[in-house]
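Here's the structure we're looking at; comments come further down.
The values are calculated or read from the model by the stated rules, or taken from the named source; none is laboratory data. Not measured: the values here are computed from a predicted model. Note that we place each Cβ from the backbone using ideal geometry, even for glycine, and neighbour counts take in every protein chain shown. Ligands, DNA and RNA are excluded from the accessible area calculation, which covers all protein heavy atoms including side chains. Shrake-Rupley method; radii C 1.70, N 1.55, O 1.52, S 1.80 Å.
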Amino acid sequence: QVQLVESGGGLVQPGGSLRLSCAVSRIIFGVNTRGWYRQAPGKQRELVAAITSGGSTNYADSVKGRFTISRDNAKNTVNLQMNSLQPEDTAVYYCNLRGLQYDYWGQGTQVTVSS
């Protein structure tokens, strides 16, 4: 059983920064994509950022230039650096690991941007 554990969420003021991390319980071989999604109250879950095993990245338009996704294959983690946070970034953020035959999710971590 593969487990994804997120950390780094919390409360931050507008304009502030947070760094989310997602650890995978065991090494996953093969081509896969690691991603961060978020879900705000009353809204559908949406892709925030994703990175392939080859290093290609994809970002939602709303976070381009503010968020950066990275992966550390040696530590089996994926990180999301979030800068210039705004109230509309408030949501539960979920880590995802997806391959051809699997799709794993973390439990989520709350990010609240408020003064």
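Select from the stretch 19-33 the residues that are in contact with a Ser or Thr (Cβ under 8 Å, 6 or more places away or on another chain), touching a residue at least 60 places away in the same chain (Cβ under 8 Å) and either open to solvent by less than 20 Å² (accessible area, probe 1.4 Å) or not aliphatic (A, V, I, L, M) (or both) and list them in ascending order. Passing the criteria: L20, C22, V24, G30, N32, T33.
Of the residues making up the stretch 58-78, those that are closer than 24 Å to V2 by Cα and either crowded, with 20+ Cβ neighbours inside 10 Å or among the acidic types (D, E) (or both) number 3. Of all residues in the stretch 80-89, exactly one satisfies the criterion of being within 13 Å of the chain's Cα centre (by Cα) and surrounded by fewer than 20 Cβ atoms within 10 Å (Cβ to Cβ), namely Q81.
A quick yes/no check of all residues on (1) in contact with a Ser or Thr (Cβ under 6 Å, 6 or more places away or on another chain); (2) within 14 Å of A23 (Cβ to Cβ); (3) without any contact (Cβ under 8 Å) to a residue 24 or more places away in the chain:
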position	(1), (2), (3)
G65	no, no, yes
D72	no, yes, yes
L80	no, yes, no
S84	no, no, no
E88	no, no, no
A91	no, no, no
R98	yes, no, no
Y102	no, no, no
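Mind listing whichever residues of the stretch 79-110 are over 12 Å from S7 (Cβ atoms) and of a type in the set (A, V, I, L, M)? Selection gives M82, L85, A91, V92, L97, L100. Please state which of the following conditions G42 fails to meet, knowing it meets all the rest: (1) touching a strand residue (DSSP E or B) at 6+ places or on another chain (Cβ under 9 Å); (2) open to solvent by 40 Å² or more (accessible area, probe 1.4 Å); (3) more than 21 Å from Y102 (Cβ to Cβ); (4) not hydroxyl-bearing (S, T, Y). Unmet for G42, out of (1) touching a strand residue (DSSP E or B) at 6+ places or on another chain (Cβ under 9 Å); (2) open to solvent by 40 Å² or more (accessible area, probe 1.4 Å); (3) more than 21 Å from Y102 (Cβ to Cβ); (4) not hydroxyl-bearing (S, T, Y): (1). Just one of the numbered conditions (1) over 15 Å from N76 (Cα atoms); (2) free of Cβ contacts under 8 Å to residues at least 40 places away in the same chain; (3) surrounded by 15 or more Cβ atoms within 10 Å (Cβ to Cβ); (4) among the aliphatic types (A, V, I, L, M) is not true of I51: (1).
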